[in-house]
Amino acid sequence: MRRHLEICVISDIHLGSKGADAIGLLNYLKSIQPRILILNGDVIDFWYLKTKKFPRVHWLVIQEILEFAAQGVDVYYLTGNHDDVLRKIVPFDWGGVKVLNKLFLQIGKHRAWFFHGDIYDKSITHSKWMSMLAGKMYDNLILLNRRLNKVLLKNNLKPSYFSKNLKRRVKRAVQKVSNFETFAINQAIKMKVDFVACGHIHIPQIRFVQTEKGSTTYLNSGDWVESSTALEYANQVWSLYHHDPTTNFLKLEDYGIDLATLTQDVEDIEETFLIVDPFVKTKGNE
């Protein structure tokens, strides 16, 4: 039985990279039925597509998203820094998925602003090559962490999260310099937006902020690399969903996927982008 949601927001999936928790996300998507699905940036990791390989289970996630759109779910794909190549051609419709840079929604009496957030991160806007290098190093660190945890669990020891902790320390250090959240919150208050939802920094949270100039609620959907979190809106309340991998009811074996042959040519995903002419403009938010 799928859980019905008014809005679901996920971000920083990084499909195509080694660290993406695609099987966890696939299980989550198959457990919900949203009216609106917002993919808030860094969904397909174009920084990694140069490897000419794309994991098959990642492909299944894309198929699930396209299936939502085919069923009439309002699906929005908002661009991030890892998929910023799409910013050159937005807005466009991709198989029923509306690709935009940002999105404003009226939710009852409240106004919400959704965008990835990297435009307020100086470490991205001024040093993209360093961010790309750090991203690849982090990806390898995640794999090392997962291998270590397999050994620890076999010996009945608690798992380690050193890659996640390191990522958070680095993000917080960068955040102090760039004031990422402060910029987003102040801009939301200036625009009189009740909710501002971002991704990018991989730190899931919901926080009400009151300043002398006004107030807003800051939300961050986290990521599907290590946190495996999503923002959910139902019964007029925002909440954070944390996925538990032990609840996965679908396994790779259910799809006939062998870990030894987990990849397929990236050309398949390139063909998918050509399902609909990417230069077909859509009405609405840019």
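The values are calculated or read from the model by the stated rules, or taken from the named source; none is laboratory data. This one's a predicted model, so the numbers in the text were calculated from it and none came from an experiment. Counting neighbours? That spans all protein chains shown, and the Cβs are built from the backbone with ideal geometry, glycine included.
For region 249-268, the condition of being modelled with pLDDT of 95 or more and in a loop (DSSP other than H, G, I, E, B) holds for none of the residues.
Residues in region 72-118 that are among the β-branched types (Val, Ile, Thr), over 19 Å from Leu29 (Cβ atoms) and either crowded, with 20+ Cβ neighbours inside 10 Å or in contact with a His (Cβ under 7 Å, 6 or more places away or on another chain) (or both): Thr79 alone. Within the set Gly16, Gly24, the sole residue that is surrounded by 23 or more Cβ atoms within 10 Å (Cβ to Cβ) and either modelled with pLDDT of 90 or more or within 23 Å of Ser227 (Cβ to Cβ) (or both) turns out to be Gly16. Arg172 meets all of the listed conditions (1) modelled with pLDDT under 85; (2) touching a Ser or Thr at 6+ places or on another chain (Cβ under 9 Å) but one, namely (2). Scan region 207-241 for residues that are over 19 Å from Met191 (Cα atoms), surrounded by 11 or more Cβ atoms within 10 Å (Cβ to Cβ) and either of a type outside the set (Ser, Thr, Tyr) or over 20 Å from the mean Cα position of the chain (by Cα) (or both) and the total you get is 11. Selection of region 229-247 for residues being modelled with pLDDT under 95 and under 17 Å from Ile13 (Cα atoms) yields Asp244, Pro245.
Among the residues of region 74-89 satisfying the criterion of being under 18 Å from the mean Cα position of the chain (by Cα) and aliphatic (A, V, I, L, M), which is modelled with the lowest pLDDT? Residue satisfying both the conditions and the ranking: Val85. Annotation: of all residues in region 27-60 being touching a residue at least 40 places away in the same chain (Cβ under 8 Å) and of a type in the set (Lys, Arg), the one that is surrounded by the most Cβ atoms within 10 Å (Cβ to Cβ) is Arg56. Applying the criterion of being out of contact with any strand residue (DSSP E or B) (no Cβ under 8 Å at 6 or more places or on another chain) and among the acidic types (Asp, Glu) to the residues of region 15-60, the residue that is farthest from Thr79 (Cα to Cα) is Asp21. Applying the set (1) over 19 Å from Ser227 (Cβ atoms); (2) modelled with pLDDT under 90 to His58 leaves exactly one unmet item: (1).
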